[in-house]
Every structure is written in C-alpha cells, then in structure tokens.
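The values are calculated or read from the model by the stated rules, or taken from the named source; none is laboratory data. Just so we're clear, the structure is a prediction, and the values are computed from it rather than from any experiment. Here the Cβ positions follow ideal geometry from the backbone for every residue, glycine too, while neighbour counts run over all protein chains shown. To get the accessible areas, we keep the full protein, side chains included, count just its heavy atoms, and leave off ligands, DNA and RNA. Shrake-Rupley method; radii C 1.70, N 1.55, O 1.52, S 1.80 Å.
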Amino acid sequence: MSEPRDTEGGTGRLPVLEKEAAGAGPPPPSASGAGTGPAGRFWSARRVPAGTVALLLLLLAGAFLYDVVAVRAGRSALGWRRELAGQLAERPLDDTWVRVGAGVVAALGLWLLALALTPGLRKLLPMRRTHPDVRAGLHRKAAATVLRDRAMEVAGVRSARVRMRRRKARVRALAHFREPDDVRADLDVVLDDAVRGLGLARPPAVSVRVARPGRKG
C-alpha cells in the first residue's frame, strides 16, 4: 500500500477502508443525507499475542500429553514432570517462589484481558460514516501531514511541526517576518478548517503555539 509523506518528510499511511458484512451495518441513510450511525474505533486483530499464547499452550499441552501417553505405555514419567509434581506438593502457599509464579501468571492474565477488552489501533482515527456498509479510518501521521501542509500555507510560517493525538493536535510553528500573534490567528482559522476537512468522527481540538526562531551565535 502506497504511503504519503509524514510530518518529518518520511512516510505515513493512507486512510483505511473497511467494508462490513451485509446486514451488519446500521440502517441506510435518510434522504436528508444525515450520518449513518456512530463510527467507533477499529479493533486490532491481536494476532501476535494470540499466536504466542496459542503456541505456548500447544507446546505445554503437547509435552504433558506425550508424558501421559508414555506412562500409559509402561514407561516411567519424565524427570521434569516428577520434579514439578513434587514441588507443587511440598512447597507451602506462602513460599516466595509460589508467590512470584502466581504474580507472573496473574499479570499475564490481566494483560490478556486488557488486550481482549480494548480496541487497540490507537494510531487509526475513525472517520465519519457516510455509507452503512463502509468504515473509514485515517492514520494519525497522514492527518498530521495534512495539518502541517495547511500550516505551511499561512504567510509568515517558516516551519511547522504537528503532533497528532486522538483528541488533540499540537501545532508548533516558527514565524519569521510577521508578528507571532497575527500568524497564530491565521493558523487558528486555517487549521480549524483543515480539521473539519479531514472528516473525522471526533475532530481533535487544535493547540497552536507560534514562536520566533532562535538567534544564531
């Protein structure tokens, strides 16, 4: 997938389009052209954590199954399973290593719950829905690139940096031949219009700071 410039002259991601299954979206838009329902955040597939957990469980279950089958076939149990059974039977619950192991398992469980209950994909900003079967998202770097380019069009702006968040866009500009207050006023107008033009479901608030470039030497 091709990628546009980001705020530092690198690359940023293009908007993402996702077509939903038939019948899964909200009702068709009315004749007045109103929105077609809320545009929630995109949910991450969590492939890496899910694949890692599945692989570990598969290896652990396979090891236990192999040992159980070996015992049923008349062989002695492997040493690691005898040692593990002995440790679990002999160590008290208030033992340091038991507490450490329980804490690690609890932390991993909380982490997996957090992954399951949170959407993820924080860098993808949902856009307003204009069609019941299509969801669109704009990458934060792409949105920051648009705002930076619009800021550079304002007279007196020497350079601009944009830091895009989900709820706020911070714009830092350097003014060279106009008064900073005048440049800031123009930037407020231009950037508010640019944010509306992005078509985001939740347009971020814009914070603008204008300064003079430092003296060399």
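Scanning the range 142-164 for residues that are among the acidic types (Asp, Glu), part of a helix (DSSP H, G or I) and either in contact with a helix residue (DSSP H, G or I) (Cβ under 7 Å, 6 or more places away or on another chain) or at pLDDT 90 or above (or both) turns up at least one hit.
With respect to the conditions (1) open to solvent by 40 Å² or more (accessible area, probe 1.4 Å); (2) more than 30 Å from TRP43 (Cα to Cα); (3) not in a strand (DSSP E or B), ARG209 falls short on a single one, namely (3). Filtered by the rule that a residue be open to solvent by 60 Å² or more (accessible area, probe 1.4 Å) and acidic (Asp, Glu), the range 141-185 gives GLU153, GLU179, ASP181, ASP182.
For the range 164-194, give me each residue that is without any contact (Cβ under 8 Å) to a residue 40 or more places away in the chain and under 30 Å from GLY120 (Cβ atoms). Hits for the range 164-194 are ARG165, ARG167, LYS168, ALA169, ARG170, VAL171, ARG172, ASP192. Taking the listed residues ALA89, ALA85, the one that is over 19 Å from LEU200 (Cα atoms), assigned to a helix (DSSP H, G or I), out of contact with any helix residue (DSSP H, G or I) (no Cβ under 6 Å at 6 or more places or on another chain) and at pLDDT 80 or above is ALA89, with no other qualifying.
Within the range 103-119, is even one residue in a loop (DSSP other than H, G, I, E, B), open to solvent by less than 70 Å² (accessible area, probe 1.4 Å) and in contact (Cβ under 8 Å) with a residue 60 or more places away in the chain? Yes, there is a match, as at least one residue in the range 103-119 is in a loop (DSSP other than H, G, I, E, B), open to solvent by less than 70 Å² (accessible area, probe 1.4 Å) and in contact (Cβ under 8 Å) with a residue 60 or more places away in the chain.
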